[in-house]
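Here the structure comes first, spelled out in structure tokens, and everything after it is commentary.
The values are calculated or read from the model by the stated rules, or taken from the named source; none is laboratory data. Since the structure is predicted, the reported quantities are computational estimates derived from the model, not experimental observations. Cβ sites come from the backbone with ideal geometry, for glycine too, and all protein chains shown count toward neighbours. Surface accessibility is based on the protein's heavy atoms, side chains included, excluding ligands, DNA and RNA. Shrake-Rupley method; radii C 1.70, N 1.55, O 1.52, S 1.80 Å.
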Amino acid sequence: MYLRLMRTSFDPSMQDEGMRLIHEVVDAFREQPGFGSYYGALDRARGATVAVTTWDTEEHAQVRGVDFGDLLPRLQAMGMRFDDPEIYEVVIQT
């Protein structure tokens with residue numbers, strides 16, 4: 001199993017709208033081959049999020065070719081900034 005870690009930052013005044021759009025992103029992930037799970041965490045005061053998804057293979061964790069439609073430009077227009085994703089092989093699970 002592989003874990004994909006994605007960090008973002010955003011304008012805290014836009015968090016409610018941003019969180020609604022993130023649910024649409026999660027729906028797009030669910031449609032991808034090898035998808036396992038999604039965990040999202042939010043630091044409201046700093047305007048930061050961390051998203052962790054799990055995948056069956058490293059290739060699937062790369063999440064290439066996903067059609068997010070206009071979601072990413074809409075999130076970016078609200079001030080959301082995305083760091084490059086980090087991918088890790090899961091070696092311990094309890």
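Give the number of residues within segment 47-61 that are touching an Asp or Glu at 6+ places or on another chain (Cβ under 8 Å) and in a strand (DSSP E or B). So that I can check it myself, show each step before the final result.
From segment 47-61, those touching an Asp or Glu at 6+ places or on another chain (Cβ under 8 Å) are 47, 49, 58; that's our starting set.
Narrowing the set further to residues that are in a strand (DSSP E or B) leaves 49.
Residues flagged as touching an Asp or Glu at 6+ places or on another chain (Cβ under 8 Å) and in a strand (DSSP E or B) within segment 47-61 amount to 1.
Among the residues of segment 16-23, is there at least one that is touching a Ser or Thr at 6+ places or on another chain (Cβ under 7 Å), free of Cβ contacts under 8 Å to residues at least 60 places away in the same chain and under 21 Å from V63 (Cα atoms)?
Filtering segment 16-23 for residues touching a Ser or Thr at 6+ places or on another chain (Cβ under 7 Å) gives none.
No, there is no match, as no residue in segment 16-23 is touching a Ser or Thr at 6+ places or on another chain (Cβ under 7 Å), free of Cβ contacts under 8 Å to residues at least 60 places away in the same chain and under 21 Å from V63 (Cα atoms).
Answer with yes or no whether R64 is at pLDDT below 90, in a loop (DSSP other than H, G, I, E, B) and within 16 Å of Y2 (Cα to Cα).
Working: at pLDDT below 90: yes; in a loop (DSSP other than H, G, I, E, B): yes; within 16 Å of Y2 (Cα to Cα): yes.
Against the criterion (at pLDDT below 90, in a loop (DSSP other than H, G, I, E, B) and within 16 Å of Y2 (Cα to Cα)), R64 qualifies.
Residues being open to solvent by less than 40 Å² (accessible area, probe 1.4 Å) and assigned to a loop (DSSP other than H, G, I, E, B): count how many of those fall in segment 67-89.
First pass over segment 67-89, keeping only residues open to solvent by less than 40 Å² (accessible area, probe 1.4 Å): 68, 71, 75, 78-80.
Narrowing further to those that are assigned to a loop (DSSP other than H, G, I, E, B): 68, 78-80.
So the answer is 4.
Step by step: first the residues of segment 32-60, then only those that are under 14 Å from G18 (Cα atoms) and among the β-branched types (V, I, T), then the one that is most open to solvent (accessible area, probe 1.4 Å). Which residue is that?
V50
Just need a number here: residues in segment 9-46 that are in contact with a strand residue (DSSP E or B) (Cβ under 6 Å, 6 or more places away or on another chain) and in a strand (DSSP E or B).
Let us first name the residues in segment 9-46 that are in contact with a strand residue (DSSP E or B) (Cβ under 6 Å, 6 or more places away or on another chain), namely 9, 26, 29, 34, 36-42.
Subsequent filtering for residues that are in a strand (DSSP E or B) retains 9, 36-42.
Of the residues in that region, 8 qualify.
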